[in-house]
Amino acid sequence: MSIRFEPLTRDDLPLLLAWLQKPHVAAWWRDLQTMEQVEADHLPSIDGQEPSYHYVIVVDGRPVGMIQWYLASDFPEWEEIVHVGEGVAGVDLLIGEEDAVGRGLGAEVLRAFISDVVFAKEATHAVVAGIEAANTRSLRAFGKAGFLFAFDYEEEGRPHRLLRLERGRPRPSRGPC
């Protein structure tokens, strides 16, 4: 299986919206259900006005989802919630194609993305993900990619778990999350 990451472009936004509207994604990405919301959230990054980096996940030549990363310290409101400090990246993942869900792809994508993209930036020493506690599928994928439980917190009135992966920590095929 080949996995690659292509920077998200304006032309990708209709496909991203279609993924975001699928029930298995919409349950967790609730605030991005119209093209206006998707554009407001992603165009600042695409246009270089916001320090977050969005990619289309391409598996065996087929777009199957989106992954994004950012430095937590570049987003003070989120940093105020998670208190992770400098050099820590946040990552968010969605697998949009239903036939690509439940096959272990999320963990494989995370391993490749963190190794090839996020940790390619020398100053980044750890990666975190804030995941709704009820999103067990996502928690399993991050755990299999080597992320460990850091702590529970609340965001937008919902319980979340912060998971963390340190640079240089071996990433097992199965994690404890």
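Brief remarks on what is shown
- Within segment 33-62, the residues that satisfy the criterion of being more than 12 Å from residue 7 (Cα to Cα) and assigned to a strand (DSSP E or B) are 59, 62.
- In a residue-by-residue description of segment 88-95, the property of being touching a strand residue (DSSP E or B) at 6+ places or on another chain (Cβ under 7 Å) and charged (D, E, K, R) applies to at least one position.
- Neighbours by Cβ (under 7 Å, 6+ apart or cross-chain): first from segment 25-39, within 21 Å of residue 136 (Cβ to Cβ); second assigned to a loop (DSSP other than H, G, I, E, B) and of a type in the set (Gly, Ala, Ser): 25/96
- Sole residue being aliphatic (A, V, I, L, M), more than 13 Å from the chain's Cα centre (by Cα) and within 18 Å of residue 54 (Cα to Cα), chosen from 120, 126, 150: 120
- If you go through segment 1-24 and keep only what is loosely packed, with under 12 Cβ neighbours inside 10 Å, in contact (Cβ under 8 Å) with a residue 12 or more places away in the chain and not in a strand (DSSP E or B), you end up with 1, 2, 9, 10, 14.
- Count of segment 88-105 residues which are small (Gly, Ala, Ser) and either modelled with pLDDT under 95 or in contact with a Pro (Cβ under 7 Å, 6 or more places away or on another chain) (or both): 3
- Selection of segment 106-125 for residues being crowded, with 20+ Cβ neighbours inside 10 Å and either in contact (Cβ under 8 Å) with a residue 60 or more places away in the chain or of a type in the set (A, V, I, L, M, F, W, C) (or both) yields 107, 109, 110, 113, 114, 118.
- Residue within segment 151-159 that is closer than 19 Å to residue 30 by Cβ, at pLDDT 95 or above and of a type outside the set (Asp, Glu) present: yes
- Close pairs from segment 57-83: first without any contact (Cβ under 8 Å) to a residue 24 or more places away in the chain, partner among the aromatic types (Phe, Trp, Tyr), Cβ under 7 Å, at least 6 apart: 70/53
- Meets criteria (on the phi < 0 side of the Ramachandran plot, at pLDDT below 95 and surrounded by fewer than 12 Cβ atoms within 10 Å (Cβ to Cβ)) for residue 76: yes
- Hits in segment 146-162 (condition: surrounded by 15 or more Cβ atoms within 10 Å (Cβ to Cβ) and not in a strand (DSSP E or B)): 146, 147
The values are calculated or read from the model by the stated rules, or taken from the named source; none is laboratory data. Since we're looking at a predicted model, the values are computed, not measured. Note that each Cβ is placed from the backbone with ideal geometry, even for glycine, and that neighbours are counted across all protein chains shown.
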